[in-house]
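Single-structure report; data block below.
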């Protein structure tokens with residue numbers, strides 16, 4: 001588990017702010033490999049001092065390059081799929097998702113679509129896998 005202090009110590013993060021019970025941090029670098037990303041929208045979110053998730057938007061024209069960079073770094077993805085998408089005007093189009101699975105969580109590279117289809121932004125995100133909370137049991141006679 002990566003903590004805020006560890007990530008800052010590695011130079012991965014710069015400024016952080018507490019917002020809605022979470023600590024949201026900006027990344028120190030606005031690129032993945034050689035690909036520039038939208039740093040003003042990127043965020044790493046920590047809960048109780050530990051990484052919970054991150055999201056890094058990018059231009060979809062770099063999807064193939066990012067996929068190759070991530071595959072070279074993390075190995076073959078555990079899954080790929082084509083997804084049906086719809087924009088705010090009702091236009092439908094296909095997008096691609098590539099997933100790398102880790103014991104800590106999953107990292108997904110999303111290609112929402114090409115510009116000609118009305119969308120141009122992709123995203124790289126990672127979500128920690130949390131142990132499921134135990135189900136609550138109730139005394140039926142008390143209900």
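The values are calculated or read from the model by the stated rules, or taken from the named source; none is laboratory data. A quick note: this is a predicted structure, and the numbers were derived from the prediction, not measured. Cβ: placed from backbone, ideal geometry, glycine included. Neighbour counts: every protein chain shown.
So residue 103 passes all but one of these: (1) modelled with pLDDT of 90 or more; (2) assigned to a strand (DSSP E or B). Which condition number does it fail?
(2)
Just one of the numbered conditions (1) in a strand (DSSP E or B); (2) surrounded by 14 or more Cβ atoms within 10 Å (Cβ to Cβ); (3) modelled with pLDDT of 90 or more is not true of residue 81; which one?
The one condition residue 81 does not meet is (2).
Restricting attention to region 24-49, which residues are touching a helix residue (DSSP H, G or I) at 6+ places or on another chain (Cβ under 6 Å) and more than 23 Å from residue 63 (Cβ to Cβ)?
Result: 46, 49.
Only one residue in 65, 17 is free of Cβ contacts under 8 Å to residues at least 24 places away in the same chain and either in a helix (DSSP H, G or I) or over 15 Å from the mean Cα position of the chain (by Cα) (or both). Which one?
17
Checking residue 18 against (1) touching a strand residue (DSSP E or B) at 6+ places or on another chain (Cβ under 6 Å); (2) closer than 18 Å to residue 5 by Cβ; (3) at pLDDT 90 or above: exactly one of these is not met. Which one?
Among (1) touching a strand residue (DSSP E or B) at 6+ places or on another chain (Cβ under 6 Å); (2) closer than 18 Å to residue 5 by Cβ; (3) at pLDDT 90 or above, residue 18 violates only (1).
Given the options 26, 41, name the one that is within 16 Å of the chain's Cα centre (by Cα), in contact (Cβ under 8 Å) with a residue 12 or more places away in the chain, in a loop (DSSP other than H, G, I, E, B) and closer than 25 Å to residue 122 by Cβ.
Checking each option against the conditions leaves just 41.
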